[in-house]
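The values are calculated or read from the model by the stated rules, or taken from the named source; none is laboratory data. The model shown is predicted, which means the values in this text are computed figures rather than measured ones. In this analysis, Cβ positions are derived from the backbone assuming ideal geometry, glycine residues included, and neighbour counts consider all displayed protein chains.
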Amino acid sequence: MITIDAHYCNVILTEHFNTYTSLIGLMKLGIALTDPHDWTAAALLEAAVKRDFETYLIDLRHIEVVIKEDVAISYQGLILPTLDVVVVRDVGAGPMEGVSLRFDLLRQLEMQGTLVLNSPEAIRNAANKYHTTYMLSKAGIPVPATFSVQDRDKAIEIINELRDAVVKPVFGYKGKDIIRVRDGNMLEPDGTISQVPWQEQITQMISSRGMLYIQEFIENRGRDIRAFVVNGKVLGSIYRSAREGHWINNLSQGGTSSPCSLTSSQEKICAKAAEAVGTVFAGVDLIEGPNGMMVLEVNGTPSGEGIFNSCRVNVAEHILDYIYLISHL
Ligand SMILES: Nc1ncnc2c1ncn2[C@@H]1O[C@H](COP(=O)(O)OP(=O)(O)O)[C@@H](O)[C@H]1O
Ligand SMILES: [Mg+2]
């Protein structure tokens, strides 16, 4: 496994500029990442180099655009539309205008003929939990009862009626900033009762966000499932079990992983969920409720590390195989 660090990025880039840019016939592939220590980006790089792709590491946060008579989109001197493919591992967080620019740049690369995976549209669909749930539901995929409201009193009424509800940031990730209100009490991630009155929290959240995304809490066995889909196939799935007493299962919140095997009808749900939001590769989060499997969300820039550690499946190899296949059709 190649470990990427800032130094290595430079070595790769310099190496390519000096040595490989004149090679003809190889595909030029960019990997968009922000964390130089990211396992998945390293796995993608290794898989790309193995296939003799001319590979560049790109940090979308440092792309520059000059619009004069023509448009030049570049990263450290590399003219990005010369790339055949960009695999997006990470768009990068931060203020809205910066994130929006990065999505615009990815769309513009697409317009200029670069294959962007996942497509910026799919990444945007998946990043928005409300829109994802809408698309999943429209595609006939089971999802928890979900409410998007812009009015405080309505939010309070819905939470009271549900009796056990979660409120999640629409653009949230890694299990962060989710609150749960059960029978009139707000629960901390470790299951203890919060001292903050939940109505106060709701009032504050709705005034800062302008809307709330509320979902019925699905009773479960202290675990959920992450399935990794590439090109319509589930390559591996893992249970993520929360710490004792906790109710958020994300690995980044201290959950632990173990291999899981899905039935073929559950695998079909995952493939359909990935397709519904337009992703070629996706991490699909599922929860087993009393009435069967439901999809919580689809991740359009998923990590492959958990699946590799538990199932020994390297999703990067499959993503690169897919790219090789479609570019040779
Ligand atoms: N409706 C729900 N019912 C039960 N648990 C939930 C529900 N929604 C979220 N969770 C818990 O919170 C975790 C994070 O939610 P998720 O929707 O996947 O957002 P994130 O993008 O933060 O991972 C889930 O993995 C699950 O453990
Ligand atoms: Mg999740």
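This table checks each residue for (1) in contact (Cβ under 8 Å) with a residue 40 or more places away in the chain; (2) outside the structural domain of R209 (by TED's automatic domain parsing); (3) outside any helix (DSSP H, G or I).
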residue: Y130; (1), (2), (3): yes, yes, no
residue: L136; (1), (2), (3): yes, yes, no
residue: I156; (1), (2), (3): yes, no, no
residue: E161; (1), (2), (3): no, no, no
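Scanning region 285-305 for residues that are buried (at least 18 other Cβ atoms within 10 Å of the Cβ) and more than 13 Å from ligand 1 (Cβ to nearest atom) returns a single hit, G304. Listed by first and then second residue, the pairs with beta-carbon distance under 8 Å, at least 6 apart or on different chains, first residue in region 171-189 and assigned to a loop (DSSP other than H, G, I, E, B), second modelled with pLDDT of 95 or more and of a type in the set (F, W, Y), are G184/W198; P189/W247. Scanning region 172-203 for residues that are more than 9 Å from ligand 1 (Cβ to nearest atom) and among the hydrophobic types (A, V, I, L, M, F, W, C) gives I179, V181, M186, L187, I193, V196, W198, I202.
Being touching a residue at least 40 places away in the same chain (Cβ under 8 Å) and under 15 Å from A127 (Cβ atoms): is that true of L106 here? Yes; evaluated as a whole, the condition is true for this residue. Scanning region 253-273 for residues that are farther than 18 Å from A145 by Cβ, at pLDDT 95 or above and within 14 Å of ligand 2 (Cβ to nearest atom) returns a single hit, C270. Scanning region 235-267 for residues that are hydroxyl-bearing (S, T, Y) and touching a residue at least 40 places away in the same chain (Cβ under 8 Å) yields S237, S252, S257, S258. Among the strands (runs of 3 or more DSSP E) confined to region 209-284, the ones with at least 1 residues that are surrounded by fewer than 16 Cβ atoms within 10 Å (Cβ to Cβ) are located at 233-241, 256-259.
Please state which one of P189, P197, P169 is outside the structural domain of L286 (by TED's automatic domain parsing) and either within 30 Å of V280 (Cα to Cα) or among the aromatic types (F, W, Y) (or both).
P169
Summed over region 150-170, the residues that are at pLDDT 95 or above and within 16 Å of ligand 1 (Cβ to nearest atom) give a count of 12.
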